[in-house]
Amino acid sequence: VIELGQPEHSVITTCAYCGVGCGFKAEMKGNTVVRMVPWKDGKANEGHSCVKGRFAWGYATHADRITTPMIRERITDPWREVSWDEAIGFAAGRFKAIQAQYGKDSVGGITSSRCTNEEVYLVQKLIRAAFNTNNVDTCARVCHSPTGYGMGQTFGTSAGTQTFKSVEQADVIVVIGANPTDAHPVFASRMKRRLRSDGSVAGKARLVVVDPRRIDLVKSPHVRADHHLALKPGTNVAVITAMAHVVVTEGLVNEAYVAERCETKSFNDWRAFVSRPENSPEAFEAVTGVPAAEVRAAARLYAAGPNSAIYYGLGVTEHAQGSTMVMGIANLAMACGMVGREGVGVNPLRGQNNVQGSCDMGSFPHELPGYRHISDSTVRGQFEAAWGVTLSPEPGLRIPNMFEAALDGSFRGLYCQGEDIVQSDPNTQHVAAALEKMDCIVVQDIFLNETAKYAHVFLPGSSFLEKDGTFTNAERRISRVRQVMPPMSGLGDWEVTARLSTALGYPMHYEHPEQIMQEIAALTPSFAGVNYAKIERLGSVQWPCNSNTDEAGTAIMHREQFVRGKGKFFVTQYVASDEKVTRRFPLLLTTGRILSQYNVGAQTRRTPNNQWHDEDLLELHPHDAEERGVKDGDWVGIQSRAGETVLRARVSERMQPGVVYTTFHFPESGANVITTDSSDWATNCPEYKVTAVQVMPVSQP
Ligand code: SF4
């Protein structure tokens, strides 16, 4: 403020980091941001913010920004700066040549959860209409795709059931595989206000934390969990099934709710399954490492409510049984009657600002916008009529399948917008080998990221300060992202996609992202009532938003009935992870985030936030450290079945013996060099949270 002077005007926009979706006022002097002030009327944050949204926006104008398109014949050639026309013509020519030789399904694209709904919609339209293939996937594949599957199967749609505000009416809060203090700080503050003992214990909510680590919520100066189920990584399904066993065998089922709201046969099958002795907390104690008494107490607390709410994160989804666990959570919530009113619900905490939106906009290979299956001829017909093309009814390739197909030579061209797959996807060596085999990789990003090392075309992208459009947060809230400064490259991301489509022979003409939203609303029933004028007037709306809902949409889902009609129970058979500890790999590695950094760090590492945390560390329990002769701050080598890397050690009582932990914010730390190819059985979401490793002291690298 002192250096840049006082602001002259301000623009209301939305934070580009996590799925809380805080509203901010960008205070400006000319085209320069002076500061970001949390917006007091923002419904997700009500004037609050965290160190990312408040201070970490300077990356948007960082000197590393690439603002000129670049091309090269081979990835070993130097980049050559060219005009937009030449870059787009080069990319279109390569894609056309590949499809002519290898067929239309030899190319595909990846959408980004950091881009707006309008940009994501346009990329999936480009892939389906211009490329005429369903080979489109989203970076949500590696985080919340099991949420899509699990909640879709049980409730009928893939979205958090509540508003954030609903937590204020919860009597019992269950946090599973999430660390909101670091990853969703503004929501964590709201949750902590509900949990805090302010001298009068009466009235505060009770808390259950299910997490291998002793995260901040378990014990901090103002909050203490009633029960911490410190499970072994990979045993979520055993814990949730054991909790269900307690609910069923101790007569805690909300029979009236189940009879009215759920499918009887599926409930009876599930009840018979979880009642078995082998699914009791005692039977699972050796598997999970959680004392049976703790599981029983947590289950009784949840069932008693009266209002119990579950919040979960990637510690639920990024497992070989991620989808099973999401269904297990939904089962428990339905059995106890904890869906469909304020203070209850099942709430996935979305990591990136627009994960919800990128999934909503049809960027899964089997779904058109609004989660409608590509095989549904009626829905497909609506899009065919609107887009003037014929669509294949067959689902396309998921991201891991694209890599497999690249290695066998049948997938040869990729358009990757706003996603650094080399750093963020598991088993880096495997990803790199697949990319090296392709004939055309187009990367559209604001920085020359790790994936760009394998690219033939680099299309400069725009930061959130240069975008016009909407983001959808973890409570389905659609908020405006407003342009604060013109795109540094001269073109917005949506304009680049439209130009590429036109060069491919499928003309796209839009004057403004608002027209794209009008098209989305016309083709997507849950968005039918969404428009910019309404968002301008109300501040935000929540989908479903149409003629059947309030003007501002739907705050609480599944009130009268589930989206699918009756809620459906699924049997959740626990299956042990393939990542087993052995004498060679005796520890289990799990991963997560810290407050000041964000995902692969491309943004936060280029801001003052780096001063608080400038390297990834390996946390390990004092017992494991002592056994290996490792002291706090020593360098350690970490070896898994996939690869090895070196990090500095942090000896921490937060860890349980036998479990180690690291973050993944720095490319040089190579966290994903050691994660393996194991993935969720239903969605291929990688099992980032369970890797068997050995840790040994090494000299400084
Ligand atoms: Fe941004 Fe999330 Fe922090 Fe809010 S809580 S300011 S959305 S990073």
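Sort TRP387, TRP270 by Cβ crowding within 10 Å, fewest neighbours at the top. List each step's numbers first, then the result.
Working: TRP387 17, TRP270 26.
Ordered by Cβ neighbours within 10 Å, fewest first: TRP387, TRP270.
Determine which residues of the stretch 319-349 fall in the zone a paramagnetic label at TRP681 would reach in this model, i.e. backbone nitrogen under 18 Å from the point 7 Å along Cα→Cβ. Label zone hits: 319-332. Going by alpha carbons, how many degrees (0 to 90, nearest 10) lie between the helix axis of 292-304 and the longest principal axis of the chain? Compared with the principal axis, the helix lies near 70 degrees.
What separates the Cα centres of the stretch 244-288 and the stretch 349-412 is a distance of 35 Å.
Can you give the FRET efficiency for ASP408 and GLN700, using 1/(1 + (r/R0)^6), R0 = 25 Å, r = Cβ-Cβ distance, to the nearest 0.05?
Values: r = 41 Å, r/R0 = 1.64.
Once rounded, the FRET efficiency stands at 0.05.
Using a cutoff of 8 angstrom between alpha carbon atoms and counting only pairs six or more residues apart, the relative contact order for the stretch 123-248 works out to 16 percent.
Computed over the Cα atoms of the stretch 587-697, pair by distinct pair, the Kirkwood hydrodynamic radius stands at 14.3 angstrom.
Restricting the calculation to Cα atoms, the stretch 100-230 yields a radius of gyration followed by a Dmax of 20.6, 72 Å. Taken over the stretch 539-588, the percentage of Cα pairs per 5 Å bin, counting from 0 up to the bin with the maximum distance, is 5, 14, 13, 11, 8, 7, 7, 8, 10, 8, 5, 2, 0.
Just need the relative contact order of the stretch 162-231 here, percent rounded to a whole number, with Cα pairs under 8 Å and 6+ apart.
On the way: 98 pairs, mean separation 22.1, N = 70.
Worked out over the stretch 162-231, it gives 32 percent.
The listed peptides 308-317, 497-506, 61-70, ordered by packing as a protection proxy, come out as 308-317, 497-506, 61-70 (highest mean of other Cβ atoms within 10 Å first).
Specify the angular offset, from 0 to 90 degrees and rounded to the nearest 10, of the alpha carbon long axis of helix 513-523 from the longest principal axis of the alpha carbons in the chain. The angle comes out at about 60 degrees.
Here the spin labels are modelled as points 7 Å beyond Cα on the Cα-Cβ line, and at PHE55 and ASP614 they lie 1.4 nm apart. Over every Cα atom in the stretch 188-317, the radius of gyration and the widest Cα-Cα span, Dmax, amount to 15.7, 48 Å.
Can you give the FRET efficiency to the nearest 0.05 for GLU46 and ARG341, using r as the Cβ-Cβ distance and R₀ = 22 Å? Mind dumping the intermediate values first?
Numbers: r = 22 Å, r/R0 = 1.00.
Working from the Cβ atoms, E equals 0.50.
Fully extending the segment from ALA304 to ALA433, taken as 0.36 nm per residue of separation minus the present Cα-Cα distance, adds 41.2 nm. The alpha carbon centroids of the stretch 552-579 and the stretch 15-87 are separated by 35 Å. Is the shape of the stretch 264-351 rounded, prolate or oblate, going by the alpha carbon gyration tensor and its root eigenvalues a ≥ b ≥ c, with a/c under 1.5 for rounded and a/b larger than b/c for prolate? Since a/c stays below 1.5, the shape of the stretch 264-351 is classed as rounded. Each peptide among 279-288, 129-138, 629-638 gets the average number of other Cβ atoms lying within 10 Å of its residues, and from highest to lowest they stand as 129-138, 279-288, 629-638.
In this structure, the amide hydrogen of ILE176, modeled 1.01 Å from its nitrogen in the peptide plane, lies closer than 5 angstrom to those of VAL210, TYR311, TYR312, GLY313, counting only residues at least 5 positions away or on a different chain.
Please report the antiparallel percentage of DSSP beta bridges with both residues in the stretch 145-348, rounded to the nearest 5.
Details: 1 of 17 bridges.
Here the share of antiparallel DSSP bridges comes out near 5 percent.
Each Cα pair under 8 Å and six or more residues apart adds its separation to the average, and for the stretch 145-348 the resulting relative contact order is 33 percent. Name the shape class, rounded, prolate or oblate, that the alpha-carbon gyration tensor gives for the stretch 467-603, where a ≥ b ≥ c are the square roots of its eigenvalues, rounded holds for a/c under 1.5, and otherwise prolate holds if a/b is larger than b/c and oblate otherwise. Cα axes put the stretch 467-603 in the oblate bin.
Could you sort 324-331, 340-347, 568-575 so that the peptide with the highest average Cβ count within 10 Å comes first and the rest follow in order? Each step should come with its number before you reach the end.
Details: 324-331: 28.9, 340-347: 22.6, 568-575: 19.6.
Descending mean neighbour count gives 324-331, 340-347, 568-575.
Quick note on the stretch 201-269: its Rg to Rh ratio, both from C-alpha atoms and Rh being the Kirkwood radius, is 1.09.
Between ARG206 and VAL172, ILE173, the built amide H atoms are under 5 Å apart, and every one of these is 5 or more places off in sequence or on another chain. Amide H to amide H distances under 5 Å link THR138 with THR111, where only residues 5 or more positions off or on other chains count and H is placed in the peptide plane.
Start at zero, step by 20 Å, and the Cα-Cα distances of the chain spread as 18, 54, 27, 1 percent across the bins. For the chain, the longest principal axis of the C-alpha atoms and the axis of helix 84-102 are separated by about 70°. One quarter of the surface of the convex hull around the alpha-carbon atoms of the stretch 1-158 equals 13.9 nm², the direction-averaged projected area.
Taking 29 Å as the limit for the C-alpha separation, the pairs LYS52/LYS467; LYS52/LYS580; LYS165/LYS568 exceed it in the case of LYS52/LYS580.
The stretch 487-565: Rg/Rh from Cα coordinates, Kirkwood Rh? Let's see the in-between values first.
Numbers: Rg = 16.4 Å, Rh = 14.7 Å.
Rg divided by Rh gives 1.12.
So what is the diffusion coefficient of the stretch 569-634 in µm² per second by Stokes-Einstein at 4 °C and 1.567 mPa s, using a Kirkwood Rh over Cα pairs? Reported coefficient: 83 µm²/s. When MET517, MET485, MET696 are sorted by how many other C-beta atoms sit within 10 angstrom of their C-beta, beginning with the fewest, the order is MET696, MET485, MET517.
As a footprinting exposure proxy, order HIS245, HIS623 by other Cβ within 10 Å, with the fewest listed first. Could you put the intermediate results ahead of the total?
Working: HIS245 25, HIS623 13.
Result, fewest neighbours first: HIS623, HIS245.
Computed from the coordinates by the stated procedures, all read-outs in this text should not be read as laboratory data. All figures in this text were calculated on a predicted structure; none of them were measured in a lab. Note that we place each Cβ from the backbone using ideal geometry, even for glycine, and neighbour counts take in every protein chain shown.
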